[in-house]
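Notes for the one structure printed next.
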Amino acid sequence: MPGRRDGNHLYLGVHVRGQVTIAREEAKTFLEPNDLVFCDPARRHLLHFGDDCQMIFFRIPRCYLGVTESEMNRVLGVPIRGSEGFGALVSDFLSALAAKAEFRQSTIGDRRARTAVHLLSVLVMELLEADTADEAADATGVGNELLSRIRAFIEEHLMDPDLSPQSIARAHHISVRYLHKLFQNDGSTVSQWVRQRRLESCRIELGRSNRRFTMAAVAHRWGFSSPSHFSRTFRGAYGMTPSQWQSLAISAFAPTATDAQDKRMR
(Lines give C-alpha, C1' and ligand atoms only; values in the text may rest on other atoms or scores of the structure.)
Protein backbone atom coordinates (compact mmCIF):
# COMPACT_ATOMS: atom_id res chain seq x y z
CA MET A 1 0.00 0.00 0.00
CA PRO A 2 1.49 3.39 -0.96
CA GLY A 3 2.40 5.99 1.62
CA ARG A 4 -0.01 8.64 0.40
CA ARG A 5 -3.57 8.74 -0.77
CA ASP A 6 -4.56 8.18 -4.38
CA GLY A 7 -7.91 9.91 -4.76
CA ASN A 8 -8.95 7.70 -7.67
CA HIS A 9 -8.29 4.33 -6.04
CA LEU A 10 -9.02 2.36 -2.91
CA TYR A 11 -7.23 -0.70 -1.55
CA LEU A 12 -8.47 -4.04 -0.32
CA GLY A 13 -6.19 -6.17 1.84
CA VAL A 14 -6.40 -9.96 2.06
CA HIS A 15 -4.68 -11.25 5.18
CA VAL A 16 -2.28 -14.16 4.58
CA ARG A 17 -0.34 -14.67 7.81
CA GLY A 18 1.05 -12.96 10.87
CA GLN A 19 -0.57 -10.44 13.16
CA VAL A 20 -2.69 -7.59 11.82
CA THR A 21 -4.75 -5.39 14.12
CA ILE A 22 -7.49 -2.97 13.09
CA ALA A 23 -8.00 0.01 15.39
CA ARG A 24 -11.39 1.54 14.63
CA GLU A 25 -13.71 3.57 16.85
CA GLU A 26 -11.66 2.83 19.99
CA ALA A 27 -11.95 -0.93 19.39
CA LYS A 28 -9.25 -3.35 18.25
CA THR A 29 -9.88 -6.38 16.05
CA PHE A 30 -7.38 -9.07 15.06
CA LEU A 31 -7.56 -10.37 11.51
CA GLU A 32 -7.50 -14.08 10.79
CA PRO A 33 -5.96 -15.58 7.62
CA ASN A 34 -8.19 -14.90 4.56
CA ASP A 35 -9.97 -11.98 6.27
CA LEU A 36 -10.49 -8.82 4.20
CA VAL A 37 -10.38 -5.11 4.93
CA PHE A 38 -10.84 -1.99 2.77
CA CYS A 39 -8.02 0.52 3.26
CA ASP A 40 -7.11 4.09 2.40
CA PRO A 41 -3.43 5.12 2.48
CA ALA A 42 -4.50 8.36 4.15
CA ARG A 43 -5.70 6.28 7.11
CA ARG A 44 -2.77 3.93 7.57
CA HIS A 45 -3.15 4.36 11.33
CA LEU A 46 -6.18 2.03 11.20
CA LEU A 47 -3.94 -0.97 10.49
CA HIS A 48 -1.12 -2.24 12.70
CA PHE A 49 1.17 -4.91 11.27
CA GLY A 50 3.25 -7.48 13.16
CA ASP A 51 6.83 -8.35 12.22
CA ASP A 52 5.99 -11.54 10.34
CA CYS A 53 2.90 -10.22 8.60
CA GLN A 54 1.91 -10.81 4.98
CA MET A 55 -1.07 -9.26 3.20
CA ILE A 56 -2.05 -9.04 -0.44
CA PHE A 57 -3.35 -5.63 -1.50
CA PHE A 58 -5.58 -4.99 -4.52
CA ARG A 59 -5.92 -1.49 -5.98
CA ILE A 60 -9.50 -0.74 -7.04
CA PRO A 61 -10.85 2.23 -9.02
CA ARG A 62 -13.26 3.97 -6.65
CA CYS A 63 -15.74 4.77 -9.43
CA TYR A 64 -16.22 1.05 -10.21
CA LEU A 65 -17.56 0.34 -6.73
CA GLY A 66 -20.58 2.58 -7.35
CA VAL A 67 -20.74 4.19 -3.91
CA THR A 68 -20.35 7.70 -2.60
CA GLU A 69 -17.42 8.97 -0.55
CA SER A 70 -19.48 9.01 2.64
CA GLU A 71 -20.63 5.43 2.05
CA MET A 72 -17.07 4.31 1.44
CA ASN A 73 -15.98 5.90 4.71
CA ARG A 74 -18.48 3.65 6.51
CA VAL A 75 -16.71 0.47 5.34
CA LEU A 76 -13.06 1.55 5.62
CA GLY A 77 -11.36 -0.47 8.32
CA VAL A 78 -14.32 -2.79 8.85
CA PRO A 79 -13.05 -6.39 9.21
CA ILE A 80 -14.65 -8.83 6.77
CA ARG A 81 -14.42 -12.46 7.74
CA GLY A 82 -13.03 -14.63 4.95
CA SER A 83 -14.23 -17.84 6.53
CA GLU A 84 -17.96 -17.37 6.12
CA GLY A 85 -20.69 -15.94 3.90
CA PHE A 86 -20.01 -13.77 0.89
CA GLY A 87 -16.66 -12.70 2.36
CA ALA A 88 -15.39 -16.27 1.96
CA LEU A 89 -16.34 -16.29 -1.72
CA VAL A 90 -14.57 -12.97 -2.38
CA SER A 91 -11.49 -13.98 -0.39
CA ASP A 92 -11.10 -17.26 -2.26
CA PHE A 93 -11.57 -15.58 -5.64
CA LEU A 94 -9.03 -12.84 -4.92
CA SER A 95 -6.48 -15.26 -3.51
CA ALA A 96 -6.76 -17.41 -6.64
CA LEU A 97 -6.51 -14.33 -8.84
CA ALA A 98 -3.33 -13.17 -7.07
CA ALA A 99 -1.76 -16.60 -7.44
CA LYS A 100 -2.22 -16.66 -11.24
CA ALA A 101 0.58 -14.34 -12.31
CA GLU A 102 0.16 -15.32 -15.95
CA PHE A 103 -3.32 -13.75 -16.00
CA ARG A 104 -2.16 -10.25 -15.21
CA GLN A 105 -1.28 -9.20 -18.75
CA SER A 106 -3.90 -11.16 -20.66
CA THR A 107 -7.46 -10.86 -21.86
CA ILE A 108 -8.68 -13.51 -19.45
CA GLY A 109 -6.85 -11.74 -16.64
CA ASP A 110 -8.60 -8.49 -17.47
CA ARG A 111 -11.94 -10.26 -17.43
CA ARG A 112 -11.21 -11.92 -14.10
CA ALA A 113 -10.24 -8.51 -12.70
CA ARG A 114 -13.55 -7.05 -13.83
CA THR A 115 -15.37 -9.94 -12.18
CA ALA A 116 -13.44 -9.18 -8.99
CA VAL A 117 -14.55 -5.55 -9.11
CA HIS A 118 -18.17 -6.63 -9.53
CA LEU A 119 -17.88 -8.97 -6.54
CA LEU A 120 -16.35 -6.18 -4.47
CA SER A 121 -19.17 -3.79 -5.34
CA VAL A 122 -21.65 -6.38 -4.05
CA LEU A 123 -19.51 -6.88 -0.94
CA VAL A 124 -19.55 -3.13 -0.24
CA MET A 125 -23.33 -3.02 -0.57
CA GLU A 126 -23.64 -5.93 1.88
CA LEU A 127 -21.46 -4.06 4.38
CA LEU A 128 -23.55 -0.92 3.98
CA GLU A 129 -26.79 -2.86 4.45
CA ALA A 130 -25.40 -4.52 7.58
CA ASP A 131 -24.29 -1.13 8.91
CA THR A 132 -27.73 0.32 8.22
CA ALA A 133 -29.37 -2.63 9.94
CA ASP A 134 -27.17 -2.09 13.00
CA GLU A 135 -28.10 1.59 13.10
CA ALA A 136 -31.78 0.72 12.81
CA ALA A 137 -31.47 -1.78 15.65
CA ASP A 138 -29.88 0.88 17.88
CA ALA A 139 -32.28 3.63 16.88
CA THR A 140 -34.94 4.69 19.37
CA GLY A 141 -37.80 7.13 19.36
CA VAL A 142 -40.88 7.71 17.25
CA GLY A 143 -38.96 9.73 14.64
CA ASN A 144 -36.57 6.88 13.84
CA GLU A 145 -39.40 4.36 13.64
CA LEU A 146 -41.33 6.63 11.30
CA LEU A 147 -38.26 7.20 9.14
CA SER A 148 -37.81 3.44 8.81
CA ARG A 149 -41.42 3.05 7.68
CA ILE A 150 -41.03 5.91 5.20
CA ARG A 151 -37.92 4.33 3.71
CA ALA A 152 -39.74 1.01 3.36
CA PHE A 153 -42.58 2.86 1.63
CA ILE A 154 -40.10 4.49 -0.77
CA GLU A 155 -38.59 1.07 -1.59
CA GLU A 156 -42.05 -0.26 -2.48
CA HIS A 157 -42.85 2.71 -4.73
CA LEU A 158 -39.51 3.38 -6.44
CA MET A 159 -41.04 2.56 -9.83
CA ASP A 160 -43.79 5.13 -9.36
CA PRO A 161 -42.87 8.23 -11.43
CA ASP A 162 -45.17 10.31 -9.22
CA LEU A 163 -43.22 9.47 -6.04
CA SER A 164 -42.44 12.81 -4.41
CA PRO A 165 -42.05 14.41 -0.98
CA GLN A 166 -45.71 15.47 -1.21
CA SER A 167 -47.01 11.97 -1.96
CA ILE A 168 -44.77 10.41 0.70
CA ALA A 169 -45.88 12.90 3.37
CA ARG A 170 -49.53 12.43 2.41
CA ALA A 171 -49.26 8.64 2.70
CA HIS A 172 -47.90 8.95 6.25
CA HIS A 173 -50.22 11.75 7.38
CA ILE A 174 -47.41 14.20 8.12
CA SER A 175 -46.43 17.57 6.70
CA VAL A 176 -43.80 17.90 3.98
CA ARG A 177 -41.82 20.12 6.34
CA TYR A 178 -41.69 17.38 9.00
CA LEU A 179 -40.73 14.82 6.35
CA HIS A 180 -37.77 16.96 5.30
CA LYS A 181 -36.78 17.37 8.94
CA LEU A 182 -36.69 13.59 9.48
CA PHE A 183 -34.27 13.11 6.59
CA GLN A 184 -32.27 16.19 7.51
CA ASN A 185 -31.65 14.79 10.98
CA ASP A 186 -30.33 11.67 9.29
CA GLY A 187 -27.92 13.68 7.12
CA SER A 188 -29.77 13.42 3.83
CA THR A 189 -32.78 14.73 1.91
CA VAL A 190 -35.87 12.97 0.62
CA SER A 191 -34.91 13.54 -3.01
CA GLN A 192 -31.34 12.32 -2.47
CA TRP A 193 -32.57 9.14 -0.84
CA VAL A 194 -35.08 8.38 -3.60
CA ARG A 195 -32.49 9.10 -6.31
CA GLN A 196 -29.86 6.94 -4.61
CA ARG A 197 -32.18 3.96 -4.27
CA ARG A 198 -33.40 4.28 -7.87
CA LEU A 199 -29.84 4.47 -9.17
CA GLU A 200 -28.83 1.40 -7.18
CA SER A 201 -31.82 -0.53 -8.56
CA CYS A 202 -30.87 0.53 -12.09
CA ARG A 203 -27.26 -0.48 -11.52
CA ILE A 204 -28.28 -3.95 -10.37
CA GLU A 205 -30.68 -4.39 -13.28
CA LEU A 206 -28.12 -3.26 -15.85
CA GLY A 207 -25.53 -5.61 -14.37
CA ARG A 208 -27.56 -8.75 -14.91
CA SER A 209 -25.65 -10.94 -17.33
CA ASN A 210 -28.60 -12.97 -18.59
CA ARG A 211 -30.42 -10.09 -20.24
CA ARG A 212 -29.74 -6.76 -21.91
CA PHE A 213 -32.03 -3.82 -21.20
CA THR A 214 -32.18 -0.59 -23.14
CA MET A 215 -31.29 2.58 -21.25
CA ALA A 216 -34.70 4.04 -22.06
CA ALA A 217 -36.51 1.01 -20.64
CA VAL A 218 -34.51 1.05 -17.41
CA ALA A 219 -34.92 4.81 -16.98
CA HIS A 220 -38.68 4.59 -17.50
CA ARG A 221 -39.12 1.58 -15.23
CA TRP A 222 -37.40 3.29 -12.29
CA GLY A 223 -39.15 6.62 -12.52
CA PHE A 224 -36.60 8.83 -14.31
CA SER A 225 -38.08 11.59 -16.43
CA SER A 226 -35.97 10.82 -19.51
CA PRO A 227 -33.05 8.63 -20.64
CA SER A 228 -30.78 11.68 -20.89
CA HIS A 229 -31.57 12.73 -17.33
CA PHE A 230 -30.99 9.16 -16.16
CA SER A 231 -27.64 8.98 -17.97
CA ARG A 232 -26.42 12.29 -16.47
CA THR A 233 -27.51 11.31 -12.97
CA PHE A 234 -25.95 7.84 -13.24
CA ARG A 235 -22.64 9.23 -14.48
CA GLY A 236 -22.59 11.85 -11.75
CA ALA A 237 -23.04 9.17 -9.10
CA TYR A 238 -20.80 6.40 -10.44
CA GLY A 239 -18.32 8.09 -12.78
CA MET A 240 -19.45 6.20 -15.89
CA THR A 241 -22.48 6.06 -18.17
CA PRO A 242 -25.16 3.37 -17.79
CA SER A 243 -23.97 1.80 -21.07
CA GLN A 244 -20.38 1.64 -19.84
CA TRP A 245 -21.45 0.00 -16.59
CA GLN A 246 -23.66 -2.51 -18.42
CA SER A 247 -20.84 -3.49 -20.78
CA LEU A 248 -18.39 -3.79 -17.90
CA ALA A 249 -20.68 -5.94 -15.77
CA ILE A 250 -21.80 -8.24 -18.59
CA SER A 251 -18.32 -8.72 -20.04
CA ALA A 252 -17.04 -9.79 -16.63
CA PHE A 253 -19.30 -12.85 -16.73
CA ALA A 254 -19.13 -13.58 -20.46
CA PRO A 255 -17.40 -16.89 -21.24
CA THR A 256 -13.93 -16.64 -22.75
CA ALA A 257 -12.47 -18.86 -25.42
CA THR A 258 -10.47 -20.61 -22.69
CA ASP A 259 -13.64 -21.17 -20.67
CA ALA A 260 -15.35 -22.71 -23.69
CA GLN A 261 -12.36 -24.98 -24.37
CA ASP A 262 -12.25 -26.13 -20.74
CA LYS A 263 -15.97 -26.90 -20.88
CA ARG A 264 -15.52 -29.01 -24.02
CA MET A 265 -12.66 -30.92 -22.41
CA ARG A 266 -14.83 -31.71 -19.40
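The values are calculated or read from the model by the stated rules, or taken from the named source; none is laboratory data. Everything numeric in this text was worked out from a predicted model, so none of it was measured. Methodologically, a virtual Cβ is constructed for each residue, glycine included, from the backbone with ideal geometry; neighbour enumeration extends over all protein chains shown.
Would you confirm whether any residue within the range 205-215 is touching a Pro at 6+ places or on another chain (Cβ under 7 Å) and within 20 Å of residue 64 (Cα to Cα)?
Yes: the range 205-215 contains one or more residues that are touching a Pro at 6+ places or on another chain (Cβ under 7 Å) and within 20 Å of residue 64 (Cα to Cα).
Tell me, which residue of the range 225-241 that is of a type outside the set (Gly, Ala, Ser) and in contact (Cβ under 8 Å) with a residue 60 or more places away in the chain is surrounded by the fewest Cβ atoms within 10 Å (Cβ to Cβ)?
My answer is 240.
Can you work out which of the residues in the range 107-153 that are over 23 Å from residue 196 (Cα atoms) and either among the β-branched types (Val, Ile, Thr) or touching a strand residue (DSSP E or B) at 6+ places or on another chain (Cβ under 6 Å) (or both) is modelled with the highest pLDDT?
The qualifying residue modelled with the highest pLDDT is 115.
When you go through 67, 90 one by one, which is the residue that is modelled with pLDDT of 85 or more and either closer than 22 Å to residue 207 by Cα or in contact with a Pro (Cβ under 9 Å, 6 or more places away or on another chain) (or both)?
Step by step, each of 67, 90 is checked, and only 90 is modelled with pLDDT of 85 or more and either closer than 22 Å to residue 207 by Cα or in contact with a Pro (Cβ under 9 Å, 6 or more places away or on another chain) (or both).
Determine which member of the set 32, 71 is in contact with a helix residue (DSSP H, G or I) (Cβ under 7 Å, 6 or more places away or on another chain) and not in a strand (DSSP E or B).
On inspection, the qualifying residue turns out to be 71.
Please go through the range 107-129 and pick out each residue that is over 16 Å from residue 200 (Cα atoms) and of a type outside the set (A, V, I, L, M, F, W, C).
107, 109, 110, 111, 112, 114, 115
What helices (runs of 4 or more DSSP H), lying completely within the range 151-222, carry at least 3 residues that are surrounded by fewer than 16 Cβ atoms within 10 Å (Cβ to Cβ) and within 19 Å of the chain's Cα centre (by Cα)?
It comes to 190-206.
Give the range 79-92 a look and list any residue that's out of contact with any helix residue (DSSP H, G or I) (no Cβ under 6 Å at 6 or more places or on another chain) and more than 18 Å from residue 115 (Cβ to Cβ), or say none.
79, 83, 84, 85
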